[in-house]
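Here is the structure we will look at.
The values are calculated or read from the model by the stated rules, or taken from the named source; none is laboratory data. Note that the structure is predicted; figures quoted are calculated from it, not measured. With ideal geometry, Cβ positions are generated from the backbone for all residues, glycine too; neighbour counts draw on all protein chains shown.
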Amino acid sequence: MGMRLLFINPNTTASMTETIEAQARSVAAPGTEIVAVNPSRGPAALETRRDEEVAIEEMLSSLSTWRPDCYDGVAIACFGDPGLDRIRALVRAPVVGIAQAAMLSGCALGMKFGVVAALDSAIPIMSGLATDYGFGERLTGVRPVGISVMEMARDIDRSREAIELAVRRSFADGAESVCLGCAAMGQLAPVLTAELDRPVIDGVQSATKLLEKIVAGEHGTIPATIDGAMSALRT
């Protein structure tokens, strides 16, 4: 039986929304419908706490337009998981964040994982998320690429060398897997996994598979799923 999943890109950059939709579709099971949306107002990219605050309000304002209760599952497609708890409280369907899903995947693939972020400003956000989700002791650190989200979104190929260097440094920190901490980077995950022969994780793809497992009823509900979700993501 098919299912419908909604991916909410909190920024206003339509090309990034298209990339998110393509990444989700690339791993979705046959019969899973993927729809990606973004607000019409707000920041073009989320790089600071203030960007997140503005984006959250715009997402909440747009929520009724997107009709999330017509979907079987919802993902917040920004690695900061902005507004996750607030949107989860308003939507009947299960709601996950791509950082949450990526970190679960990282834990399922080994004891330690690292995160690669766009800029230094994202380090406290991502470190804080890992702690909030209970993964703080498993995080080896957050390595910034030093390139803005918008620059990566405009030309991911031009940014690849810097992203790969940050991924390699994250593995050198002791990570057994590395999460790409920006939806704009996600399309490089399969390429870098093959090139480095080590797991590089895209949060959009992880969220797709996690939601499919949850919707299919293969393991409980999100609040009780740290061990269950990790087990499911191994399959």
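Using the structure shown, decide if G186 is within 25 Å of G83 (Cα to Cα), among the small types (G, A, S) and modelled with pLDDT under 95. Yes; evaluated as a whole, the condition is true for this residue. Among all residues of the stretch 8-18, there is at least one that is surrounded by fewer than 19 Cβ atoms within 10 Å (Cβ to Cβ), acidic (D, E) and under 20 Å from L188 (Cα atoms). Regarding V204, is this residue surrounded by fewer than 24 Cβ atoms within 10 Å (Cβ to Cβ) and either modelled with pLDDT under 95 or under 19 Å from A45 (Cβ atoms) (or both)? Taking the combined requirement at face value, the residue does not satisfy it.
For E137, the criteria (1) in contact (Cβ under 8 Å) with a residue 40 or more places away in the chain; (2) in the same structural domain as M152 (by TED's automatic domain parsing); (3) over 16 Å from the mean Cα position of the chain (by Cα) hold in every case but one, which is (1).
Residues that are among the basic types (K, R), over 18 Å from the mean Cα position of the chain (by Cα), assigned to a loop (DSSP other than H, G, I, E, B) and at pLDDT below 95: does the stretch 91-107 have at least one? Yes - at least one qualifying residue is present in the stretch 91-107. Looking across the stretch 108-126, just one residue is assigned to a loop (DSSP other than H, G, I, E, B), out of contact with any strand residue (DSSP E or B) (no Cβ under 6 Å at 6 or more places or on another chain) and surrounded by fewer than 22 Cβ atoms within 10 Å (Cβ to Cβ), and that is M111.
Among residues of the stretch 59-84 being of a type in the set (V, I, T) and touching a residue at least 40 places away in the same chain (Cβ under 8 Å), the one that is nearest to P43 (Cα to Cα) is I76. Pairs linking a residue in the stretch 156-176 that is over 29 Å from E18 (Cα atoms) to a residue that is surrounded by fewer than 16 Cβ atoms within 10 Å (Cβ to Cβ), with Cβ atoms under 9 Å and 6 or more positions apart or on different chains, are F171/L196; A175/G110; E176/G110; E176/M111.
The residue list V35, V54, V95, V115 contains one member that is in contact (Cβ under 8 Å) with a residue 24 or more places away in the chain, over 22 Å from A189 (Cα atoms) and of a type in the set (A, V, I, L, M), which is V95.
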